[in-house]
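See below for the structure under consideration.
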Amino acid sequence: MRTGLNGNGVRRSGAISAANPGPVRRPSDHPLVDPITAFYASLLVNLLAAAYAPIQDCDEVFNYWEPTHYLNHGYGLQTWEYSPDYSIRSWLYIVIHAIIGKTGSIFSRTKTFEFYFIRSGLAFACAICQSRLFATISRTLNPRIGIIFLIAMITSPGMFHASAAYLPSSFSMYTTMLGMSAFMDWSGGPKTAQGIMWFGIGGIIGWPFATALVMPFVAEELILASLTREGIEVFRRFLDGTVRSLLVLALQVAIDTFFYHKVVVMPWRIVLYNVFAGPGRGPNIFGTEPWDFYIRNLLLNFNIWFLLAMAAAPLLALQRLIQGPTRTKATLLRSVVFILPFYLWLVIFSAQAHKEERFMYPAYPFLVLNAAMALHIVLLFIGSSDPQRLMSRIPAKVRLGFASAFVILAIDAGVLRTIGLVTAYRAPLQVYDALRQPGIAKAERTVCIGKEWYRFPSSYHLPDGMRAKFVKSDFDGLLPGEFNEAQIGFGFFSGTWLIPPGMNDQNIADPGKYFDVDHCMFLVDSYFPGSQASALEPPYVLDSKTWEELQCNSFLDTSQTSLLGRLFWDADTTPISKWKTMLPSRSPINYIVHVLIWPCLPDHPASSVTIDHSRLFSLSSTKLTHPKIGKTMESLQASTTAMWQALLSHLETYRTRMAEQPKMVIYGLLVVILSLWLFSAVIGKLRKSTFRRAASPDPEKPASKTPSAFKAQERPPGVWIPSDFKRPAPEPYPAWDVHKTDPLPYRPFRHGPYYITMGLRTMKWDEWIELDNHYPKYHADKARRITERGSKCCKTAPEAFDGAVELLEEFCEYLPQRYPSLYRKTSVGMDNLLTGESFNIVERPLVEDPMAMAARMVQDDLAIMFEKPDGQYYLLAGAILLAGFWRLEDKFGMPLSEIHTSGDVPGFKQKLEKGMMNFFRRVQPNGPVLRNNYFIQVDDDLAWSRSIGDEDSDGAGWFTAEKNKAIAHHYFRSERQSLRRLPRSGGVVFTIRTYFHPITEIAEQPYVPGRLASAVRSWGDDVSRYKGRERYQDVLLDFLDKKHEEQVANGLDVEKEDEVRSYPY
């Protein structure tokens, strides 16, 4: 729907206005789930990941957690990448997270809290990006695609561990979602600069290679530029986005220069090392994988969603070949642009020898989008009701069951895999807990790591001052060293610019990084049954004479577990390894108490710490003298104290069990969430069932007093009490002739200034429907479009059927009375005497949609708004066939406010929304109103303005229109809208009659060219953008000025304009 100009030359927003020259949006296609709900759902899952997900990659620890620990705590492990000699890691990315960690220290000074606080921040950022992209997909593609996208996002194991991972590839994934959202959302024009900026930020601060994902979007922009001849504008948008990205790059160079004490352009250095490193260097020296590594990995982490993502292109091609365009707004070009990045990324990285799971993170949103689009195509096929298709012969319930089972299978597989990740691989995050117990956590102690060095979860999990050391194992590559803690030279953090010893970029081991195992105060080791020990990796776990167990946790043995076993991991049946924290049994310090507190083996009985809860919870009372009362109070105090002791004992037990069994925590949370959702749904249904629409009034009872036209009756929201109001019969139109009666000359504009108001005026019943000698053409155009576009233009929601039939009844009464030479009333409806049509409105089922039938009767477009229990009015019935700039399928099912905000109506929120909502609540059946508006169109198509793009394209908008076309192509488009309340159903009916004339024709009328030029010049910037003035103003205003000068030169008296005309003529 769209906004026009009212009688004051004011651009108004009526709930149904005719043309939205901004980007065209699709159906009711507001999201099936509110974006804020999607945000909360994403945030909940991401926070669970932050709390429970294991660290999947040692790079995350040594290249990101450890440098952050160094900045915030003064020490940490350092990899060769941070050596100033090589400097291929940016400190800007680290600084951002270090600031978040420092902020967390305000609430708690423990390092583990800081660790999880940073992770929670990552989870929060990811949830924002996910919900933003979800909302954009729902608006620009289809709500069903949006909801599928959301489900896949929050249930896939891949997204679970990527969402809160402290990795540049995860950061690039966040910015990829924001960049996708910008490129996909064309409301208000292309957001190319914003999209380039987000992909640029992801490549600069995150991972440079992630910028490859922007290539399909850039290609699309270039193609559109060649088609629309807007190369300069496209170049300006590219330049804008590039400049924004370069500003971020300048900040990064400044930060890295501060830390490295030399100028470093980090993205270039990363590309230089990974692509041009030369023999013996580069990523391949750290291991290679077969070509199908990512296929197996993605199948494990996205199960059915990955298969759907791979099938997106074939399904899209098949759909376009067999079914033609879908309900999805995207053109074929847009669809290809959306699905191409995932294939591009998968091919590029599958071709690389060095493969790691995290390299796929930036493409995860594209994978899920592909899967959602593919499943949407499948559901369209399954849900087909075309009798010519075999699928339509299968019962609907069977098809629904199949589709539901498919989705539930994908969700269950994802959830089970996620729970398996948490329970199977979380030991490294748990085994260090014992080190933080009183008496153990001393700064001078060390914890040693041998063959499990790559699973070390970072110094954040060690007590303050305790250092991690590496003992020699069979691994013969380069291990991390330590940041230099010397406080020398200029500036802070000297360890970032002092060159550490023993570093190289060839993965050659440095003996100086090993620690003598005999000097280890603690050792973390693992034991896999069936594994072969070696001289450098003896089974420390089994050496009970030398080492004593402190803590033990289970860990999945992947070498002994099949792919299916890893997907459905069960700790009771799957081979596991025992992770243990140990200390020397002959240590001079006695740790036996702590071993007994956290035993792993059954021969070590658990002990507990006794707390005197009676001191924490005691009753304060006044002194009483009565002995019975005193004894009662003593008894009450004793029983209360005992109750609190029991309660706290149970809570302590539950806390311990929760820490040991995170799987049960997740299951419990899922059950609670499901229960709350079911409870809220049931309550919502009960609330809706509380109110019932009142029955038709009893004719034997006296009628109620006629209410004021704008005084609303007291009634619950969404409930209309039928009114006994009867519309007065109109007088026949004087001397009306379908071939001779000219259209009324509406010219609803005035000289500036320009004001935004509703611009309503009272309507006389004789003026409700206006027909003229353009009726035959309008009728033929409507009939053609009903045949060609069907439900895209005419549609009635089931709950609005009664209101649509009531409108038919009104037409069959009104039109024969007002235009007796065109219509004749019959016992079942009426006949059209010109076309020979007979309208039967009493048979059931009707021969066609009631709104399509109503559209054939008048020259107007039609729409009916109905109030729902939330108090909002929704577009639930419409016949929008000649609107020019907007489509029914873009707005159907939307509430009144969203109809206008989705179309970027200027000033709606600030100046129109409140008044419009109040009007809708107050308007009564006996209070019809009128309003007018106008637009300029630069083509001659009444039904759809081709100049703004194809009617079925996603790229429709003024920005695609050819600029400054000849004046012969300029048309004046004026709308006359009526609004009235239907007395029986309570629906608010809009009739939208469009008058369409060449500018050259109306400019011949006295005063019109000067007044129109003044009105167009008075539009503000927002209104000008909305009405596309920039595309035609030069030619239009030049022509109008010349015509006005001609009229004045021919004797036109401009002072008498108000005497010879009145609004809206």
Go through (1) touching a Ser or Thr at 6+ places or on another chain (Cβ under 8 Å); (2) open to solvent by 40 Å² or more (accessible area, probe 1.4 Å); (3) closer than 25 Å to Q352 by Cβ; (4) not aromatic (F, W, Y) and name the single condition V263 misses.
(3)
If you scan region 56-70, which residues turn out to be open to solvent by 10 Å² or more (accessible area, probe 1.4 Å) and touching a His at 6+ places or on another chain (Cβ under 9 Å)?
Q56, Y64
Might you let me know whether region 86-95 holds any residue that is open to solvent by 30 Å² or more (accessible area, probe 1.4 Å), in contact with a Pro (Cβ under 9 Å, 6 or more places away or on another chain) and within 23 Å of R269 (Cα to Cα)?
yes
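Out of N918, N926, report the one residue that is part of a helix (DSSP H, G or I), of a type outside the set (G, A, S), assigned by the TED database to the domain that holds C793 and under 25 Å from S985 (Cβ atoms).
On inspection, the qualifying residue turns out to be N918.
Being open to solvent by less than 20 Å² (accessible area, probe 1.4 Å) and outside any loop (DSSP other than H, G, I, E, B) is the filter here; which residues of region 1044-1065 pass it? Break it down stepwise before answering.
Of all residues in region 1044-1065, those open to solvent by less than 20 Å² (accessible area, probe 1.4 Å) come to 1057, 1064.
Within region 1044-1065, E1057 is the sole residue that qualifies.
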Out of (1) of a type in the set (A, V, I, L, M, F, W, C); (2) free of Cβ contacts under 8 Å to residues at least 60 places away in the same chain; (3) surrounded by 16 or more Cβ atoms within 10 Å (Cβ to Cβ); (4) outside any helix (DSSP H, G or I), the one A735 does not meet is (3)
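Would you pick out the residues in region 867-879 that are in contact with a Leu (Cβ under 6 Å, 6 or more places away or on another chain) and modelled with pLDDT under 95? Working first, answer last.
Kept after step one, since they are in contact with a Leu (Cβ under 6 Å, 6 or more places away or on another chain), are these residues of region 867-879: 873, 878-879.
Answer for region 867-879, where residues must be in contact with a Leu (Cβ under 6 Å, 6 or more places away or on another chain) and modelled with pLDDT under 95: just Y873.
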With criteria (1) modelled with pLDDT under 95; (2) touching a Ser or Thr at 6+ places or on another chain (Cβ under 8 Å); (3) part of a helix (DSSP H, G or I), E788 comes up short on (2)
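For every residue, the table says whether it meets (1) at pLDDT 95 or above; (2) under 24 Å from F149 (Cα atoms); (3) open to solvent by less than 10 Å² (accessible area, probe 1.4 Å).
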| position | (1), (2), (3) |
| --- | --- |
| M173 | yes, yes, yes |
| G188 | no, no, no |
| Q194 | no, yes, no |
| L222 | no, no, no |
Could you check, for region 714-731, whether at least one of its residues is open to solvent by 60 Å² or more (accessible area, probe 1.4 Å), of a type in the set (K, R), at pLDDT below 90 and assigned to a loop (DSSP other than H, G, I, E, B)?
no
Would region 524-541 turn up any residue that is modelled with pLDDT of 80 or more, buried (at least 21 other Cβ atoms within 10 Å of the Cβ), out of contact with any helix residue (DSSP H, G or I) (no Cβ under 6 Å at 6 or more places or on another chain) and of a type in the set (S, T, N, Q)?
yes
A careful count of residues in region 96-134 that are among the small types (G, A, S), open to solvent by 10 Å² or more (accessible area, probe 1.4 Å) and either in contact with a Cys (Cβ under 8 Å, 6 or more places away or on another chain) or under 28 Å from T37 (Cα atoms) (or both) gives 4
Could you identify the single residue in D1041, D1022, D950 that is out of contact with any Lys or Arg (no Cβ under 8 Å at 6 or more places or on another chain), assigned to a loop (DSSP other than H, G, I, E, B) and either in the same structural domain as Q910 (by the TED database) or open to solvent by 10 Å² or more (accessible area, probe 1.4 Å) (or both)?
D950
Looking at F959 and the list (1) in a helix (DSSP H, G or I); (2) surrounded by fewer than 23 Cβ atoms within 10 Å (Cβ to Cβ), which single condition is not satisfied?
(2)
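Out of contact with any helix residue (DSSP H, G or I) (no Cβ under 7 Å at 6 or more places or on another chain), assigned to a helix (DSSP H, G or I) and either in contact (Cβ under 8 Å) with a residue 60 or more places away in the chain or surrounded by fewer than 20 Cβ atoms within 10 Å (Cβ to Cβ) (or both) - does that describe any residue in region 819-826?
As a first pass, look at region 819-826 and keep what is out of contact with any helix residue (DSSP H, G or I) (no Cβ under 7 Å at 6 or more places or on another chain): 819-822, 826.
Filter once more, so that each one left must be assigned to a helix (DSSP H, G or I): none.
Within region 819-826, none of the residues are out of contact with any helix residue (DSSP H, G or I) (no Cβ under 7 Å at 6 or more places or on another chain), assigned to a helix (DSSP H, G or I) and either in contact (Cβ under 8 Å) with a residue 60 or more places away in the chain or surrounded by fewer than 20 Cβ atoms within 10 Å (Cβ to Cβ) (or both).
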Sole exception among (1) part of a strand (DSSP E or B); (2) more than 37 Å from the chain's Cα centre (by Cα); (3) within 30 Å of M917 (Cα to Cα) for P983, by number
(1)
Failed item, numbered, when A165 is tested on (1) touching a residue at least 12 places away in the same chain (Cβ under 8 Å); (2) part of a helix (DSSP H, G or I)
(2)
Any residue at all in region 496-509 that is open to solvent by 30 Å² or more (accessible area, probe 1.4 Å), touching a strand residue (DSSP E or B) at 6+ places or on another chain (Cβ under 9 Å), modelled with pLDDT under 90 and more than 29 Å from R417 (Cβ to Cβ)?
no
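The values are calculated or read from the model by the stated rules, or taken from the named source; none is laboratory data. What you see is a predicted model; the values in this text were computed from it and never measured. Positions of Cβ are generated from backbone atoms using ideal geometry, with glycine treated the same way; all protein chains shown enter the neighbour counts. SASA here: full protein model, heavy atoms, side chains in, ligands and nucleic acids out. Shrake-Rupley method; radii C 1.70, N 1.55, O 1.52, S 1.80 Å.
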